[in-house]
Amino acid sequence: FNFHPTKSFEHYRIGTYWKSNHYILFHTDEPQFAGHDRLKKGPEISFPVIHQGWNNRPYCIQIYIPSRTAIVFIPQ
């Protein structure tokens, strides 16, 4: 979740327990939720796992998270 009204974050790291690539399953920036459609989802858009621990998890991914957006990821 990024609840900030104006600030988006590039290269934001999220810790994960899975060592496979991750995909966006759902995000609130879709037009059906009055979003700006800044994120793309689907099996062709993946976020590669980084073999470096983050936030007490053995792996991480880096994402772009726009302001006022929530994203749900799923491992491959």
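The values are calculated or read from the model by the stated rules, or taken from the named source; none is laboratory data. None of the values given here were measured: they were computed from a predicted structure. Cβ placement follows ideal geometry from the backbone for every residue including glycine, while neighbour counts extend to all protein chains displayed. SASA here: full protein model, heavy atoms, side chains in, ligands and nucleic acids out. Shrake-Rupley method; radii C 1.70, N 1.55, O 1.52, S 1.80 Å.
Each residue was assigned an accessible area with a 1.4 Å probe, and for ILE24 the value is about 10 Å². Express the Stokes-Einstein translational diffusion coefficient of the chain in µm² s⁻¹, to the nearest whole number, given a Kirkwood radius over alpha-carbon pairs, 10 °C and a viscosity of 1.306 mPa s. For the chosen part, D equals 124 µm²/s. Summed over all non-identical Cα pairs, the Kirkwood treatment of region 36-76 gives a radius of 11.9 Å. Counting heavy atoms of the protein chains alone, ARG57 has an accessible area of about 90 Å² for a 1.4 Å probe. About the centre of its Cα atoms, the chain shows a dipole size close to 220 debye [charges on the beta carbon of Lys, Arg (+1) and Asp, Glu (-1) only; nearest 20 debye]. Under a straight-distance cross-link criterion of Cα-Cα below 12 Å, which aspartates and glutamates are reachable from LYS40, leaving out those fewer than 8 residues away in the same chain? Answer for LYS40, where 12 Å is the Cα cut-off: ASP29, GLU30, listed by chain and number.
Taking 0.36 nm per residue of sequence separation and removing the Cα-Cα distance, the LEU25/SER46 pair yields an extension gain of 6.5 nm. Projecting the Cα atoms of THR16, PHE33, PHE3 onto the charge dipole of the chain, computed from C-beta unit charges around the Cα centre, puts THR16 farthest toward the positive end. Placing a label point 7 Å from the Cα of THR6 along the Cα-to-Cβ line, the residues of region 37-76 whose backbone N sits under 18 Å from it are 66-69.
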